[in-house]
1. Going by alpha carbons, how many degrees (0 to 90, nearest 10) lie between the helix axis of 164-173 and the longest principal axis of the chain?
2. Express in Å², to the nearest 10, the accessible area of His186 obtained by rolling a 1.4 Å probe over the protein heavy atoms while all chains stay in place.
3. Once you order the gyration tensor axes a ≥ b ≥ c over the Cα atoms, which shape class does segment 83-146 get: rounded for a/c under 1.5, otherwise prolate or oblate by comparing a/b with b/c?
4. Per residue, how much accessible area does segment 224-274 have with a 1.4 Å probe, in Å²?
5. Can you give the FRET efficiency to the nearest 0.05 for Ser232 and Ala154, using r as the Cβ-Cβ distance and R₀ = 35 Å?
6. Only bridges whose two residues both fall in the chain count here: according to DSSP, what percent of them are antiparallel, nearest 5?
7. Can you tell me the accessible area per residue over segment 18-147, all protein chains present, probe 1.4 angstrom, in square angstrom?
8. Express in whole angstrom the spacing between the alpha-carbon centres of segment 328-381 and segment 61-125.
Amino acid sequence: MSYAFEALPRGFSDLVGEEAAQGVWAESMFRSVTRSFGFAPVTVAPVGYAETFEQFGSAATGRIFAFEDLSGRRLALTADSLVAVLRALAGSGRLTGGASALGAACVPIARYRRKRHRGWSQAVAVICNEADELAADLTLLRLWAELFEVLGPAAGGRLEYCDYGVLDAIAADEGLSPAAARNALHHRRRGPAPEPGEPQDAAQVLPPGEPREAEPAPPSPAGFLRRLDRLSALCRGLPPHEAPDRVAAAEPVTGERMAHLRTVLAIAHELGVRVEFALDWEHAPEYQAGLCFLARTGDGRTLGDGGGYHHMVRTLDIGLSSCWSTSASVNLLAELGPVPEAECVHLMRMPSADLRTFMAVARRLRGAGYDVLEHWQPRRLGRQLRRVPARPSQWFALVGEKEAASGRLTLQNAAATGVTRDLDLDPV
């Protein structure tokens, strides 16, 4: 089967012009904000070993673009931004000895999805091996406060918090491990929960014929799930500032977690960040930990997410004890952001202008801060000028003998007739 030269696989797209410029602005803005918080800039390879993404147990598992190279190695296109940044930090030696490390990147993702896009760009910031949980949570909060400020009030940005530490505290009180607690939630979403004494996952099933030692039946998750349901109902519709006291009163084992939450909510209020809080784990992923959040726009679209990923990263042998991360869609940041439009001059070279004069004028304009689109042999000048976009940021100018002799260039605005600017030219 043959395809047209410009064709792309379904779910992928090339961007040109203004659309591409919006994405470039969003990536530059995210990198600037994260770098101001001390996150080291990271760039990642577009290809890695398929096992790197599969062993992480992330949402990319089963949906990666995997292939064999000429050496028979099983490779994959980058399918998870957090995995890619962790790989880069580990490879740079920044995680050696459990050292704290911060990194941020804008990662092109390729992944099989049921949705419209299979390729997109993900902006991600990662905090590794931070000993102070509150410091990590407040860093992510302040990071989003800065992003919301850049996007402006029209975006209507807010953070919706959910504390997985509450889940773990109740699980421990019921005698369940964090893994068993998340497994119980997983089974409730996907089907009937396993009975006490049944294997909880495939790793607990012994091979056929293998002798099995008698083990005490694990605690039932029923009580754990009932307590979560009561807290979910309690927090539904509750103002965020009331949640810590109400939850701590209903479940004293969550007191420490609610003190932590109270501090984060207070700082969010001081920063002017809109927040919501709920304890609804109906769609909770098994891999999150601690205080997590969704970043949403005013119309309810998910802009990004964040929180702890300790349970996932501890399965990797790369010197990680804790990990917090937040990510955002570059495409949506670009759509929401007030992308500044650079002023552009469409420079027309008249036949009477020599090459050096024309190039010198273009260099002078760029030095003055303009983008310059050079028209070396404009034919049918009137038609050429009509093609200049009629926007306030667009200008046009003619370069001929008159401009070379006078040493002055007149810029005419493409959107407003009679609006001009004069620019002194450097001697050629």
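1. 10
2. Number for this one is 60 Å².
3. Numbers: a/c = 2.90, a/b = 1.47, b/c = 1.97.
Verdict is oblate for segment 83-146.
4. Details: 2760 Å² over 51 residues.
Per-residue value: 54 Å².
5. Details: r = 32 Å, r/R0 = 0.92.
With R0 = 35 Å, the Cβ-Cβ based efficiency is 0.60.
6. On the way: 47 of 64 bridges.
For the chain, the DSSP antiparallel bridge percentage is about 75.
7. On the way: 6180 Å² over 130 residues.
Each residue of segment 18-147 exposes 48 Å² on average to a 1.4 Å probe.
8. So the separation of the two Cα centres works out to 36 Å.
The values are calculated or read from the model by the stated rules, or taken from the named source; none is laboratory data. Quick caveat: nothing in here was measured; it's all calculated off a predicted structure. Glycine gets a Cβ as well: all are built from the backbone with ideal geometry, and neighbour counts include every protein chain shown. Surface accessibility is based on the protein's heavy atoms, side chains included, excluding ligands, DNA and RNA. Shrake-Rupley method; radii C 1.70, N 1.55, O 1.52, S 1.80 Å.
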